[in-house]
Every structure is written in C-alpha cells, then in structure tokens.
Amino acid sequence: MMTLNRSLTGYAGAADRPAQLVAEHSDLVRRIAHHMAARLPASVQVEDLVQAGMIGLIEASRQFQPGQGATFSTYAGIRIRGAMIDELRRADWTPRSVHRNSRRISEAMQEVEAREGRAASDREIADELKVSLDDYYGMLKDSASCQILGLDELFGEDSDPDRLLPGDSASPTEAIEQDQFRQALAEALGSLPERERLVLALYYDEELNLREIGAVLEITESRVSQIRSQAMHRLRARLSEWTQTEAGS
C-alpha cells in the first residue's frame, strides 16, 4: 500500500507540473508581450498578445522535456513568441501588394548582387525594379510594416520555432543543418553594408527603437526604418536558399 501511495503521489506531482510551470512563468508572457508591442503599430493590443502568449506557455508546459539542452524559460520564451507571431499573422493588416513588393525587392537585390558580385546600392535596386529612387524608398517604408517579426521572419510562415532549440532530439542531419544555417546567417550579417549592420545591431542587440537609433546616427527615424527594411531584404536575398528550403519543407 505504501508503494502504491508513493506511486500515486509521484503521478499527481507529474500531472501538476505543467500547471506549476504556467504559474511560475506567466510574468514571462507579459514581459515578452510588452517588449514586442513596443515595436508594433498602436493598433496591436498588448492583451491580445498576452492571450496568444499564454496559449504558447501552456503548450510549452505540456511539451517540454528536460535534459535536451535548453531550460524551460528558453523553450517557453520561443513558444510564447511563436504563438504571438502566429496571432499577428492571422490578424495581418498588411495589404497583399506590400507583401508582393517586399518579395520583389529581395529578388531585385539578389539579381543585382549575383550580377555585380557586391552589395547592391539603393539606385541599382531601384533601377532593377524599374522605379524611381523615391518610389523605392516608399516601397521600403511600406514593407517595414510587414517586417515586425525580425530575423525569425526570414523563414516565412512555415518556420518551426523548435529548429532554434538545441537538444538531443535533433537528428545528426538536422544538427548539421542547424549549424550550417547559423554559419550562413552569421556570414550574411557580417557581409551587410556597415550602416545596415549597425542599425540591426542597435535595434536587435541594444534594443533601441527607431527614434533612438536615429539620434545616435544623426538621421531621421524614417531613414532608420528604410535602412532596417533594406537590411532585412538583403538578408532574405542572401539566405534565399535556406528560406526556400524551409518554405518547401
């Protein structure tokens, strides 16, 4: 009987573990929601992000397996953010024409850089698109609204948050692919024009907003937005082999 009681106690503890993890990490959802909302249009409500994030946290609590190379906080953070991103995609306010032009910009960059063997200039990209420089800058401004998700968005809508997590569950082939992608991304980031690289570093590493970056670089907030948008397009172009593989998998 004592053995049975111990077994039942252990079972109850295991069953309660997800609820405990959710209770202990609910503040993480709100922190991520506010951090993400600070970079989104005012039309996005923090509470909508929180609700989506809580679903991600609950799923993480049920699926997390200790000993796979990531703490629960790391795993949950990725799941929470992934759930918020899914919610943003479902409520996408960006016109299809903007998404279409965003793809055109990346394709134009890829064409110019393949032909010239160096970073494409603003003028060269505009010429490849057969638009004026002002129109190109307008396209960058519009496309910035659909780049709210940052580097994760390089993989498009079919990306899997679990690919970011280390662990024993990855097959040898998957582990090699993860390492190769990290190397490709590092090389792509390192080969960006200096100003684009600096803007991304200030935005993602230092977590400055566009206005603060503009003050540091002594340029307008609008110009910072253009540079960041162009940098993201350039990364997409240079990682096209990876993004196409992920989209087709």
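Assorted remarks:
Every residue, every condition in (1) farther than 17 Å from Ile125 by Cβ; (2) in a helix (DSSP H, G or I); (3) modelled with pLDDT under 90, yes or no:
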{"site": "Leu192", "(1), (2), (3)": "no, no, no"}
{"site": "Leu198", "(1), (2), (3)": "yes, yes, no"}
{"site": "Tyr203", "(1), (2), (3)": "yes, yes, yes"}
{"site": "Glu212", "(1), (2), (3)": "yes, yes, no"}
{"site": "Ala215", "(1), (2), (3)": "yes, yes, no"}
{"site": "Ile219", "(1), (2), (3)": "yes, no, no"}
{"site": "Val224", "(1), (2), (3)": "yes, yes, no"}
{"site": "Gln230", "(1), (2), (3)": "no, yes, no"}
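- Going through (1) modelled with pLDDT of 85 or more; (2) in contact with an Asp or Glu (Cβ under 7 Å, 6 or more places away or on another chain); (3) assigned to a helix (DSSP H, G or I) one by one, Ala120 falls short only on (3).
- Residue within the range 149-171 that is under 27 Å from Val112 (Cα atoms), modelled with pLDDT under 90, among the hydrophobic types (A, V, I, L, M, F, W, C) and not in a helix (DSSP H, G or I) present: yes
- Qualifying residue in the range 128-141 (condition: within 27 Å of Ile32 (Cβ to Cβ) and either crowded, with 20+ Cβ neighbours inside 10 Å or under 17 Å from the mean Cα position of the chain (by Cα) (or both)): no
Residue-by-condition table, conditions (1) modelled with pLDDT under 85; (2) on the phi > 0 side of the Ramachandran plot; (3) part of a helix (DSSP H, G or I):
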| residue | (1), (2), (3) |
| --- | --- |
| Leu57 | no, no, yes |
| Gly69 | yes, yes, no |
| Gly77 | no, no, yes |
| Ile80 | no, no, yes |
| Arg115 | no, no, yes |
| Ile125 | no, no, yes |
| Asp142 | yes, no, yes |
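- Residue match in the range 196-213 (condition: among the acidic types (Asp, Glu) and either open to solvent by less than 20 Å² (accessible area, probe 1.4 Å) or in contact with a strand residue (DSSP E or B) (Cβ under 9 Å, 6 or more places away or on another chain) (or both)): yes
The values are calculated or read from the model by the stated rules, or taken from the named source; none is laboratory data. Small disclaimer: the values here were computed from a predicted structure and weren't measured. So basically every Cβ, Gly included, is an ideal-geometry build from the backbone, and we count neighbours across all protein chains shown. Calculation scope for accessible area: heavy atoms of the full protein, side chains included, ligands and nucleic acids excluded. Shrake-Rupley method; radii C 1.70, N 1.55, O 1.52, S 1.80 Å.
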